[in-house]
Each structure stands twice: as C-alpha cells, then as structure tokens.
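Colleague: The structure follows.
The values are calculated or read from the model by the stated rules, or taken from the named source; none is laboratory data. Nothing here was measured: the structure is a model prediction, and the numbers come from that model. Cβ: placed from backbone, ideal geometry, glycine included. Neighbour counts: every protein chain shown.
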Amino acid sequence: MIKTIELFAGVGGFRLGLEANKKFKIVWSNQFEPLTKIQHASDVYVRQFQDEGTHSNEDIAKVIKESFDVIPDHDLLVGGFPCQDYSVARTLKNSSGIQGKKGVLWWSIHDIISKKKKKPKYLMLENVDRLLKSPVAQRGRDFAIMLASLSDLGYIVEWRVINSADYGMPQRRKRVYIMAYRNDSKIGKRIANLKNKTHWILKNGVMQNAFPIRSEAENITPFKIEGDLENITNNKVNYNTKHRPFEDVGLMINREVLTGKFPCEYDGKQATLGSILQSEKEVPEEFFISESELDKWKYLKGAKKELRTASNGHEYYYSEGPVTFPDDLNKPSRTIITGEGGKSPSRFKHVVKTKSGKLRRLTPIELEKLNMFPPNHTVGAPDTKRAFFMGNALVVGVVKKLGQSLYDFHK
C-alpha cells in the first residue's frame, strides 16, 4: 500500500484516481481557499470521503509553520497546486507565475519535502501546461526553479503534457503532469542505471507506460540547468521572451535535462460529449436557453470584427473567430472553465442541442462526468460552485492510469 498525502485537494480528484487502484491510501489531505468564509470544496471533500480526522482545512503555510507534525510520513505526495497565476484564462502579461500570489504555494510542497526526515519516495503533481513557459518575460524560468529545487532535494523528475482526449477521454483538457522519484527509491535507481536515458522517456518509463508517445529520439534536446535558485530567477539570458527551453515531454537527472515534443500514440475507443449527456427529462428547466436569450448567445459565440474605442480615445478593430454553437456531440468536449456555471450567456460555456431541438447548458452532473468524477460527487454545493470545481479539477482517468503505472514500477 502506497501511503499518500493530497495537497490543494479541491474536491478530491487525485484521491478518486489513486484509490480506484486499491493500492493507494490517502493518509492526510489539505484543502483551503483563502479569502473565502465558506469552504465549499473542503466541505465536499469531507462529505464524500468522511475524513474529518485526516483532512485539514487550514492554510497549508500555517500548518507547516505551526503544526508540521500533523503531516504524517508518506510514500507519495500529490497535488494540483494552484495555477491561477499560469492559467490560460489570464493574459500572458499577467501570468506572474511562481512569484505570483498563488504560485508561491509551490514552496509549501518544497517545505514539506525538505523538512521531512523521511522524504516521500514519489511526487505526482499537476498544473496547466503554461507552467512550462511561465512567465512571459522569462520563458521556462518557473519550471527551471522547480526542477532545480527538486534535483537539489534528491529527486529525478519527468513530465508530460497530456491532453486527456488524445487518450480516449471525453474532454479536451491539456495539463502538465509531473512525476518525481527520490534518487534512492527503486524507480530512481532504475532510471539512474539506464545507459540510454531516452529509453525511459520513449520506451519503458512510468509515463510512457500510461500514456504512450511515438518513439522519435532525434527530437530530444539535452541541456543543463545552471546556477542556484536566485541566479535562475534573475537570469534573463537563458530564460527570455523568445526562448522556450522546456518542451511537452522531458526528464531531468542531476539537473541534466532531456526534452522534446512528440505525438501521442493511441488507437482505442473515443468517448465524446454526447456519450456523457443526461436524458432531456432529467435536466432541470433552468438549464434550457430561452428564446429571449438566444440572440445574446449567438452573438457571443459568433465571429466579430468591431470598431471599439479604448479608454484613452484610441479606436481599434476587435476581432475573434466563431466558437462551435451548439457544441459537437460527436467529439470530446472543449475544456471546462471555472465560469461554466450560471444562466448568463457566455462565449465559453458549453451549449448542446437536445433530440427535441432545444438548446441548453451542461448540468453539474455532466461537468463531473467530463472530468470522470462520479455523478453528483459535488452535490450539496451551489451549482455555480459545482461548475467552478470542475473548471479547476483534473481528469480522474489520467490520475488513475498514472497511479497504476507508478504502482507497477514500484512493486
């Protein structure tokens, strides 16, 4: 049994994926949303897992500083550490990254690892793929800091950008997943002893076993992360606006990086948006779009080229292309966003057409199913919050496959 702690737990996506394998046990979890009186996500977590005794709803930085001993020894640390500073929902110039208000929570993970006498054997982390090229002024700096700090703590790290729909899942959701292995762990020693380290990436590694890519070794670029963390932070030569050092697939050993971009390899069944929909009779009336609101939806979803005036009086043309309306039921869905809930018309919310010809938004249950959560996992919270949770969540099926692969190499 792999003892696991779950940080930034949200409503428990990592837990659902890992414990589905029956080889992982969550021994402690933490979920805390600052500046929010009602802790909806933590309440859902406790309600679903009945875990008051091993679940913390305190600021993780406060826990580490004031009551570190409550965090038990563990084999695996997992977390989708907050990504608002990197999110595609923010403009590039506002992507303040690891120095941003929530990006600094990466250091909570670092603190737990560095303070533990018995460091976890493994890490499994998730974030938006923009992390690999954040911030805009120093492409890749944030990820370089993370990799260097993990290397200095004694870990080998691999990462992979995974679009869940590329592997048959019902939503197009692209995220970077990061696996780290303590140097003296069974897996760490196995990687270190490989004569050709590219084999781990392309042939027989944990991530390749779970999410295969085509073997094209000539696409791999090697380089070394130089300098201490302060030097990396201030370095605008190697980490600048034009150069992106980290590609979608990579491995780092002793700060030596191998990275490249590769097509996925999958020929199995493909789940679609249509495959997860509830029947029309199960959908509450409030999710259907009225005739009076239809023109607003069409405008927001449609192509535009409009003359607009900036606050300084400057006139410019604003243009954007159309969004599929209604959404195609025969393909995986678009990425769920945090603003998916609520009745107001939106360019980004999903709209589907029923068999009777009506248009409607997606229900909380359907949003859960797109992330492969059990139906009604978030029941009890307001519908807008339920949608928000799914906009922040990971795809459970990805974690399940990564967890199974990790266990297969660990045992």
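Colleague: Considering region 265-287 alone, what residues qualify as being loosely packed, with under 14 Cβ neighbours inside 10 Å and touching a strand residue (DSSP E or B) at 6+ places or on another chain (Cβ under 8 Å)?
Modeller: Once the filter is applied, which keeps residues that are loosely packed, with under 14 Cβ neighbours inside 10 Å and touching a strand residue (DSSP E or B) at 6+ places or on another chain (Cβ under 8 Å), region 265-287 yields only E265.
Colleague: Go through region 48-63 and count every residue that is in a helix (DSSP H, G or I) and surrounded by fewer than 16 Cβ atoms within 10 Å (Cβ to Cβ).
Modeller: The qualifying residues number 2.
Colleague: All but one of (1) modelled with pLDDT of 95 or more; (2) under 18 Å from the mean Cα position of the chain (by Cα); (3) farther than 20 Å from H74 by Cβ; (4) small (G, A, S) hold for A180; state the number of the condition that does not hold.
Modeller: Of the numbered conditions (1) modelled with pLDDT of 95 or more; (2) under 18 Å from the mean Cα position of the chain (by Cα); (3) farther than 20 Å from H74 by Cβ; (4) small (G, A, S), the odd one out for A180 is (3).
Colleague: May I pose another question? Quick one: what pairs do we get from region 216-236, first residue assigned by TED's automatic domain parsing to the domain that holds H199 and charged (D, E, K, R), second loosely packed, with under 15 Cβ neighbours inside 10 Å and not in a loop (DSSP other than H, G, I, E, B), C-beta under 6 Å, 6+ apart or different chains?
Modeller: Listed by first residue and then by second, the contacts come to K224/E256.
Colleague: Consider F373 carefully, then state whether it is closer than 30 Å to I2 by Cα and assigned to a loop (DSSP other than H, G, I, E, B).
Modeller: yes
Colleague: Report, ordered by the first and then the second residue, all pairs with beta carbons closer than 7 Å, sequence separation of six or more or different chains, a first member in region 115-139 that is within 18 Å of I26 (Cβ to Cβ), and a second member that is modelled with pLDDT under 90.
Modeller: L125/F81
Colleague: Now for a different question. Restricting to region 338-367, name every residue that is assigned to a loop (DSSP other than H, G, I, E, B) and touching a Ser or Thr at 6+ places or on another chain (Cβ under 7 Å).
Modeller: Correct list: G339, G341, G342, H350.
Colleague: Residue under question is T354, and the condition is that it be closer than 30 Å to W200 by Cβ, touching a strand residue (DSSP E or B) at 6+ places or on another chain (Cβ under 9 Å) and touching a residue at least 12 places away in the same chain (Cβ under 8 Å); does it hold?
Modeller: no
Colleague: With respect to the numbered conditions (1) farther than 30 Å from K37 by Cβ; (2) surrounded by fewer than 18 Cβ atoms within 10 Å (Cβ to Cβ), which one is the sole condition not fulfilled by K343?
Modeller: (1)
Colleague: Tell me yes or no: at least one residue of region 394-407 is in contact with a Lys or Arg (Cβ under 6 Å, 6 or more places away or on another chain), part of a helix (DSSP H, G or I) and over 20 Å from S275 (Cβ atoms).
Modeller: yes
Colleague: Would you mention how many residues in region 1-11 are touching a strand residue (DSSP E or B) at 6+ places or on another chain (Cβ under 8 Å), assigned to a loop (DSSP other than H, G, I, E, B) and either of a type in the set (D, E, K, R) or over 22 Å from S67 (Cβ atoms) (or both)?
Modeller: So the answer is 1.
Colleague: Sticking with this one: Hey, can you tell me all the residues within region 229-272 that are modelled with pLDDT of 90 or more, within 20 Å of N183 (Cβ to Cβ) and touching a helix residue (DSSP H, G or I) at 6+ places or on another chain (Cβ under 8 Å)?
Modeller: Passing the criteria: G250, L251, M252, I253, N254, R255, V257, L258.
Colleague: Now a separate question. Inside region 22-37, can you point out the residues that are touching a strand residue (DSSP E or B) at 6+ places or on another chain (Cβ under 9 Å) and either farther than 30 Å from H410 by Cβ or outside any strand (DSSP E or B) (or both)?
Modeller: K23, Q31, F32
Colleague: Here is a further query. In this structure, is S319 among the polar types (S, T, N, Q), modelled with pLDDT under 95, loosely packed, with under 14 Cβ neighbours inside 10 Å and more than 30 Å from the chain's Cα centre (by Cα)?
Modeller: For S319, the condition - among the polar types (S, T, N, Q), modelled with pLDDT under 95, loosely packed, with under 14 Cβ neighbours inside 10 Å and more than 30 Å from the chain's Cα centre (by Cα) - is not met.
Colleague: Within region 137-181, track down each residue that is crowded, with 22+ Cβ neighbours inside 10 Å and among the aromatic types (F, W, Y).
Modeller: Once the filter is applied, which keeps residues that are crowded, with 22+ Cβ neighbours inside 10 Å and among the aromatic types (F, W, Y), region 137-181 yields F143, Y155, W159, Y177, Y181.
Colleague: Can you tell me which of P222, P245 is out of contact with any His (no Cβ under 8 Å at 6 or more places or on another chain) and assigned to a loop (DSSP other than H, G, I, E, B)?
Modeller: After ruling out the rest, the residue left standing is P245.
Colleague: Report every pair of residues separated by at least 6 positions or lying on different chains whose Cβ atoms are under 8 Å apart, first residue within region 163-189 and closer than 18 Å to N254 by Cβ, second assigned to a loop (DSSP other than H, G, I, E, B) and small (G, A, S).
Modeller: The qualifying pairs are R182/G154; N183/G154; D184/G154.
Colleague: Within region 207-215, does at least one residue satisfy the condition of being out of contact with any helix residue (DSSP H, G or I) (no Cβ under 8 Å at 6 or more places or on another chain) and either at pLDDT 95 or above or not hydroxyl-bearing (S, T, Y) (or both)?
Modeller: Yes, the conditions are met somewhere in region 207-215.
Colleague: Here is a follow-up. Just to verify a result, which residue in region 47-99, among those that are aromatic (F, W, Y) and closer than 24 Å to L150 by Cβ, is modelled with the lowest pLDDT?
Modeller: Filtering region 47-99 for residues that are aromatic (F, W, Y) and closer than 24 Å to L150 by Cβ, the one modelled with the lowest pLDDT comes out as Y86.
Colleague: If you don't mind, another one. Of everything in region 182-219, what is exposed (fewer than 12 other Cβ atoms within 10 Å of the Cβ) and outside any helix (DSSP H, G or I)? Give them in sequence order.
Modeller: The answer is D184, N193, K195, N196, R214.
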